[in-house]
Amino acid sequence: MWEYTDKVKEHFINPRNVGEIENPDAEAMTGSIVCGDALKLTLRIDKATDKIIDAKFKTFGCASAIASSSILTEMIKGKTLDEAAKITNIDIAQELGGLPEEKMHCSVMGMETLEKAINNYRGIKTEDDEHDEGTIICKCFGITDTKIKRAIRENKLKTVEEVTFYTKAGGGCGACKVKIEDILNEELAEMEREAKNAPMTTVQKIKKIEEALEKVINPMLRSDGGSCRLVDVDGNKVIIEFKGACSACASSKNTLKGFVEPKIKELVSNDLEVVGV
């Protein structure tokens, strides 16, 4: 039986900010009732200050999901969007006094929903959960390789079991566990290399950047009729060119700095700067 903190129990029994803001300034939903967990988050934002002045949620899930969603709304009210965007799933769990490791995916759901709501408000396109970026590894829960890699890095996961706790991947039929182990070993090796400050060669950078463009960035840009291509890599400067609808879009600078650059930093190296031609 899982051990819950008093704060988890309190936010489960008496959840704060339950409901839905009418005509919200920002909203997002992640998860699926079919998969057992779903969260809808709505925000009221002061456009002059970019502060979140109200937040409400609706959650379908277990006690940990309800408590994580409840505490999240309390954590973000009064914060600017930039401040709220820095909140991690670890922060959510710690604010609750901890979560059973098997339930950490509930805090991840809260973090991802907040991230999506902020992106939606800023006009940054994000994929629906059923068409999540990357290649689907766990068909039972629709979890992609990109989501697994992100969880491994952000939470310093070391085992397949931990990956399941944080993402639910492998928690159904289990057929994907071999693939999860391959991804885990590959990511741990890459993280070890990075920890030793072994710089990537230009060829390695190009390969990883092109993979990020192909698997994550362009599939999302194409939904709006655009795309981008790698032009050159000069040291830590990545030069890209927008194509299609993105090339003439007034928001292309926001897309470059608000979506393309953060994704390349996340998936390749935080040292990179992305510029357009």
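The numbers here are math on the coordinates, done by the rules we state, and not lab data. Just so it is clear, the structure is predicted and the values come from calculations on it, not from any experiment.
Observations on the model:
- Choice from K253, K196, K86 showing the highest fluctuation, given a GNM over the chain with Cα pairs closer than 10 Å: K196
- Total lysine pairs under 15 Å (Cα atoms) in the stretch 37-93, excluding pairs fewer than 8 apart on one chain: 10
- Alpha-carbon Rg/Rh ratio, for the chain, with Rh computed the Kirkwood way: 0.97
- Where the alpha-carbon atoms of the stretch 1-96 are placed on the principal axes, they occupy 48, 28, 21 Å, in descending order.
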